[in-house]
Amino acid sequence: MSKKKKMLVANWKMNPGSLEKAREIFLAVRRAGAKVRNVETVICPPAIFLQPLGRLLRPEDGNLSLGAQNAFYDAGRTNHTGEISMEMIRDAGAEYLIIGHSERRKKGESDETVNIKLRAALEFSLTPILCVGEEARDGEGLYLSFVKNQIEKGLQGLSAREAAKVVIAYEPVFAIGKRADEAAKPDDVTEMVIFTRRVLSDLYTRAQKKGENSLNTPTVLYGGSVAPPNAAALLAAGVGGFLVGRESLRMEEFAEIQAILDVS
Ligand code: PGA
């Protein structure tokens with residue numbers, strides 16, 4: 001059986017400020033990716049750039065795809081001023097969809113909304129990347145029940161077969177973005193990868209007893225201040241890849257992270 005490819009998801013957030021710059025970064029990723037064999041790279045630009053960047057994808061760029069950072073869940077086309085539907089982002093070339101990023105949860109996205117989006121994404125053949133992660137660590141292990149709850153509520157109602165399509169990104173909030181001091185410690189990441197797998201297997205062993213297939217080993221990514229100096233240690237923590245914010249806009253650094261994943 002061939003080895004599972006590592007995954008590298010670039011969350012560009014609300015960057016860059018122009019299509020010209022977006023093209024420049026995307027073409028640099030495409031160039032660097034030409035040498036990469038064992039990494040599936042997913043660029044998640046602002047939705048407005050999806051279609052023009054999709055036009056730059058060539059048949060030989062099989063390891064490079066596009067994802068969206070958000071989409072609205074209702075397929076109905078009325079009364080949703082300002083929203084972009086899953087159908088539209090799919091049509092624009094997205095294959096993946098980030099759901100429940102902490103920056104969206106901060107804007108009021110609840111576990112219930114995350115769940116509705118996740119189910120809608122699967123209907124539109126988008127691979128959901130479900131982001132979970134605690135705000136802070138505590139000595140009593142409350143962060144574990146917090147993350148468990150996010151996973152269980154996010155996946156509620158999904159069959160084992162559907163859940164197997166979901167990529168989980170463990171992103172502790174304290175490690176994300178400019179205000180973060182540093183990434184999570186590799187040992188803590190290992191703990192969370194094992195924990196996430198256990199939560200999933202508990203959920204779906206129950207389903208299996210009811211006659212469904214069990215879940216294959218799910219892909220668990222890590223996100224939060226990933227950069228070339230810490231990428232190898234974080235990867236060794238047992239993750240299937242990374243979700244990268246800031247460093248995904250810095251072409252050389254992103255290529256370095258990609259190369260570290262490629263040789264793993
Ligand atoms: P960061 O962002 O890499 O800039 O910490 C990660 C994320 O937003 O998912």
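The values are calculated or read from the model by the stated rules, or taken from the named source; none is laboratory data. What you see is a predicted model; the values in this text were computed from it and never measured. Accessible surface areas use protein heavy atoms only, side chains included; no ligands, DNA or RNA. Shrake-Rupley method; radii C 1.70, N 1.55, O 1.52, S 1.80 Å.
Report in % the part of the accessible area of the chain that belongs to carbon and sulfur, leaving out ligands and nucleic acids; probe 1.4 Å. C and S atoms contribute 50 percent here. Each 10 Å bin from 0 upward holds the following percent of the Cα-Cα pairs of region 96-157: 24, 51, 21, 4, 0. Shape analysis of the chain yields a ratio of the Cα radius of gyration to the Kirkwood radius, Rg/Rh, of 0.94. Output the Kirkwood hydrodynamic radius of region 1-100, Cα pairs only, in Å rounded to one decimal. By the Kirkwood definition, the hydrodynamic radius is 14.3 Å. Measuring against 22 Å, Cα to Cα, the residue pairs Lys4/Lys35; Lys117/Lys153; Lys3/Lys35; Lys148/Lys178; Lys107/Lys153 contain Lys148/Lys178 as the ones spanning a longer distance.
Proximity of backbone amide H atoms, modeled 1.01 Å from N, is registered between Asn63 and no other residue at under 5 Å, excluding neighbours fewer than 5 places apart on the same chain. The tail of the calculated P(r) for region 150-194, taken as Cα-Cα distances beyond 13 Å, holds 66 percent of the pairs. Given region 133-264 reduced to its alpha-carbon atoms as identical point scatterers, what log10 I(q)/I(0) does the Debye formula return at q = 0.09, 0.20, 0.21, 0.23 Å⁻¹? Ignoring solvent entirely, the Cα scatterers give -0.28, -1.14, -1.21, -1.34. Taking amide H positions as modeled 1.01 Å from N, with prolines and chain starts lacking one, the residues under 5 Å from Glu134 and 5 or more places away or on another chain are Val173.
Based on Cα contacts under 8 Å between residues 6+ apart, region 145-259 shows a relative contact order of 31 percent. Short-range pairs are left out: with C-alpha atoms under 8 Å and at least six residues apart, the relative contact order of region 84-190 is 28 percent.
Contact order, relative form, for the chain: 20 percent (alpha carbon pairs under 8 Å, 6 or more residues apart, mean separation divided by residue count). Counting only aspartates and glutamates at least 8 places from Lys106 when in the same chain, those with an alpha carbon closer than 15 Å to its own are Glu134, Glu135, Glu171.
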